[in-house]
Amino acid sequence: MAEHPAYPVGLRLTGRRVVVLGGGQVAQRRLPALIAAGADILLVSPEATPSVEAMADAGEITWEKRPYAEGDLADAWYALIATGDTEANNRASAEAERHRVWCVRSDDADRATAWTPATGHSEGVTIAVLTTDARGRDPRHTAAIRDAVVEGLRDGTLVAPHHRTRTPGVALVGGGPGDPDLITVRGRRLLAEADVVITDHLGPRDLLAELPSSVEVIDAAKLPYGRFMAQEAINNALIEYAKQGKSVVRLKGGDPFVYGRGMEEVQALSEAGIPCTVVPGISSSISVPGAAGIPVTHRGVAHEFTVVSGHIAPDDERSLVDWPSLAKLTGTLVILMGVATIGKVAETLIAHGKSPDTPVALVQEGTTAGQRRVDATLKTVAETVRTEDVKPPAVIVIGEVVRVGPTATAPRE
């Protein structure tokens, strides 16, 4: 038998009898997949691990608390032999052979009629890896190959094109703060499978270079607006490409719902009857301060943090922010899109009771190769932005946590 490789096959066990002999660690590892396959499972074992016992208590398996007996495999389609009794295992193997039941043995693979592959799953695909040479089986090598394939499918580095018609739709993907490694696994995979990617200037640009040449990449800032506002043009582009039957990814920086106008796009797609998948992203409000060594909360320093948009100055009648209340908070204040208005913000906070000496950190191009941190205080931050030529995008952190991290620097006086 060892001279020939195993023939791989996928067993459809729904409603079919599977017998498991032994209730130890091997059964504990194998049973969940058999349960997920819908098998009618009989466990025969005098004892079982607490996890296996819990499966029986939940009604997922039938447990007969006794040793193996001749005839246990008569009605089985598949058997897993995993007891510590070699003689019982041999007798069970012989019974399986007589009844033509495919049989896996945990103690002696050479005497089994089936082997369990190293398996993994990714978005509707099951990966099963078997060693072809029985004499040179290396379970760790087989598992490593399985892991590499599954990881490649999940993060998009291993892509297999779809040859059947896919359901058209849009994926609203948060790209994270800028470092291409900080996009989620699902977001990266959807990018790799896209026909069209509509991105903006805050999306992780390095990811676009990895896309196949067949993918159409559209800079949202360069869409022809005509009679539409910019957001309307983006909404219409998403709808039109999806209606063409294409898989569309709308790639945004950070998280789509944190000052990303993502819900406006979801609403427009819903009104047009286009299915939309939302993939959250790592928000720059937390990740960028962290990358610069600043915790937004810290025991004994800050028990809360507040994220505010600074794109509208406090004295602008369009502002929805209660700046006087923010000035009274003792926690951390994180301001996004606030480089141009930080002078007015600092004046307003000071005017409503915030200490002028409150530390401030500005983190420009956070998590990217161009990241830099500039420290100041509320009193000096406006001048510091000018003299240090701080440019957007930058995350501004106000509060005592600025002084906590190991990379804290002296503020500009």
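The values are calculated or read from the model by the stated rules, or taken from the named source; none is laboratory data. Just so it is clear, the model here is predicted, and its values are computed rather than measured. Glycine gets a Cβ as well: all are built from the backbone with ideal geometry, and neighbour counts include every protein chain shown.
Residue selection: Ala410 fails the criterion of being at pLDDT below 95, out of contact with any Ser or Thr (no Cβ under 7 Å at 6 or more places or on another chain) and assigned by TED's automatic domain parsing to the domain that holds Val339. Select from the range 14-35 the residues that are more than 21 Å from Gly84 (Cβ to Cβ) and either part of a loop (DSSP other than H, G, I, E, B) or among the acidic types (Asp, Glu) (or both) and list them in ascending order. Thr14, Gly15, Arg16, listed by residue number. Looking at the range 283-295 only, could you name the residues that are assigned to a loop (DSSP other than H, G, I, E, B) and at negative phi? Listed by number, the residues that qualify are Ser283, Ala292, Ile294, Pro295. Of all residues in the range 299-329, those being within 18 Å of Pro359 (Cα to Cα), crowded, with 18+ Cβ neighbours inside 10 Å and not hydrophobic (A, V, I, L, M, F, W, C) number 1. Hey, any hits in the range 39-46 for a residue that's at pLDDT 95 or above and exposed (fewer than 15 other Cβ atoms within 10 Å of the Cβ)? Looking through the range 39-46, at least one residue is at pLDDT 95 or above and exposed (fewer than 15 other Cβ atoms within 10 Å of the Cβ). Just checking, which of Thr119, Thr86 is surrounded by fewer than 19 Cβ atoms within 10 Å (Cβ to Cβ), farther than 27 Å from Ala148 by Cβ and not hydrophobic (A, V, I, L, M, F, W, C)? So the residue among Thr119, Thr86 that is surrounded by fewer than 19 Cβ atoms within 10 Å (Cβ to Cβ), farther than 27 Å from Ala148 by Cβ and not hydrophobic (A, V, I, L, M, F, W, C) is Thr86. Listed by first and then second residue, the pairs linking a residue in the range 346-370 that is hydroxyl-bearing (Ser, Thr, Tyr) to a residue that is assigned to a strand (DSSP E or B) and surrounded by 22 or more Cβ atoms within 10 Å (Cβ to Cβ), with Cβ atoms under 7 Å apart and 6 or more places separating them unless they lie on different chains, are Thr358/Ile398.
Annotation: of all residues in the range 45-89 being in contact with a Ser or Thr (Cβ under 9 Å, 6 or more places away or on another chain) and of a type in the set (Val, Ile, Thr), the one that is nearest to Arg12 (Cα to Cα) is Ile81. When restricted to residues that are among the hydroxyl-bearing types (Ser, Thr, Tyr) and modelled with pLDDT under 90, the range 158-198 contains 2.
For the residues Gly38, Gly10, the requirement of being of a type outside the set (Val, Ile, Thr), part of a loop (DSSP other than H, G, I, E, B) and in the same structural domain as Asp72 (by TED's automatic domain parsing) singles out Gly38. When the range 219-254 is examined, which residues are found to be in a strand (DSSP E or B) and surrounded by 16 or more Cβ atoms within 10 Å (Cβ to Cβ)? Within the range 219-254, Ser247, Val248, Val249, Arg250, Leu251, Lys252, Gly254 qualify.
Checking each residue in the range 171-186 for being crowded, with 24+ Cβ neighbours inside 10 Å and assigned to a helix (DSSP H, G or I) picks out no residue at all. Ala268 falls short of the stated requirement of being assigned to a loop (DSSP other than H, G, I, E, B) and crowded, with 18+ Cβ neighbours inside 10 Å. When the range 374-404 is limited to residues that are surrounded by fewer than 23 Cβ atoms within 10 Å (Cβ to Cβ) and either among the basic types (Lys, Arg) or within 30 Å of the chain's Cα centre (by Cα) (or both), the one that is nearest to Asp315 (Cα to Cα) turns out to be Lys379.
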